[in-house]
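**Student:** Take this structure, written in structure tokens, and hold onto it; I'll ask about it next.
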Amino acid sequence: MFMVAVTKNPEAIERAIEELKVHYYDLKPDLFVLPYEGTARELAEKLGIRGGERGSGLVVLIGGYSGRAPTDFWEWLKINWPKDA
């Protein structure tokens, strides 16, 4: 599971995420959580962040989670969190 924090051009990055055909969650217009089979570097390249083609931001692998968020986000995590994580 990855978190993508967009610092420039979030609309273009969201379109790139949609092109991956994954079920993602947008916490904010510039903050996304999504499953991806690969590394943070690979995901950043696919989204056009690494080279800056579509925008800029940070891609972070999530190893665990805790906190306070909307109920539907916790439900989404429960359904989408990798079973082997």
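We did not get these values from a lab; they are worked out from the coordinates using the rules stated. Just so we're clear, the structure is a prediction, and the values are computed from it rather than from any experiment. Methodologically, a virtual Cβ is constructed for each residue, glycine included, from the backbone with ideal geometry; neighbour enumeration extends over all protein chains shown.
**Student:** Run the simple label-point estimate for SER66 and GLU42 please: 7 Å along Cα→C-beta, distance reported in nm.
**Tutor:** It is 3.0 nm.
**Student:** Further question: For the chain, what does the helix formula give at 222 nm: sum of -39500 (n - 2.57) over DSSP H segments with n ≥ 4, over the residue count, nearest 500 deg cm²/dmol? Numbers along the way, then the final one.
**Tutor:** Numbers: 3 runs with 28 residues, N = 85.
Dividing the helical sum by the residues of the chain leaves -9500 deg cm²/dmol.
**Student:** What percent do you get for the relative contact order of the chain when only Cα pairs under 8 Å and 6+ apart count? Could you put the intermediate results ahead of the total?
**Tutor:** Working: 118 pairs, mean separation 32.2, N = 85.
Value for the chain: 38 percent.
**Student:** Can you match Cα extents along the principal axes in Å to one of these, (i) 33, 25, 21; (ii) 60, 43, 20; (iii) 53, 30, 25, based on a calculation from the structure here?
**Tutor:** Derived directly from the coordinates: (i).
**Student:** Now a separate question. For GLU11 paired with LEU31, estimate the spin-label separation in nm (one decimal), with each label point 7 Å from Cα along the Cα-to-Cβ line.
**Tutor:** My value for the distance between the label points is 2.2 nm.
**Student:** Pull up the cross-link candidates among the aspartates and glutamates for LYS8, meaning alpha carbon to alpha carbon under 13 Å and not fewer than 8 places away within one chain.
**Tutor:** Cross-link targets: ASP30, GLU53.
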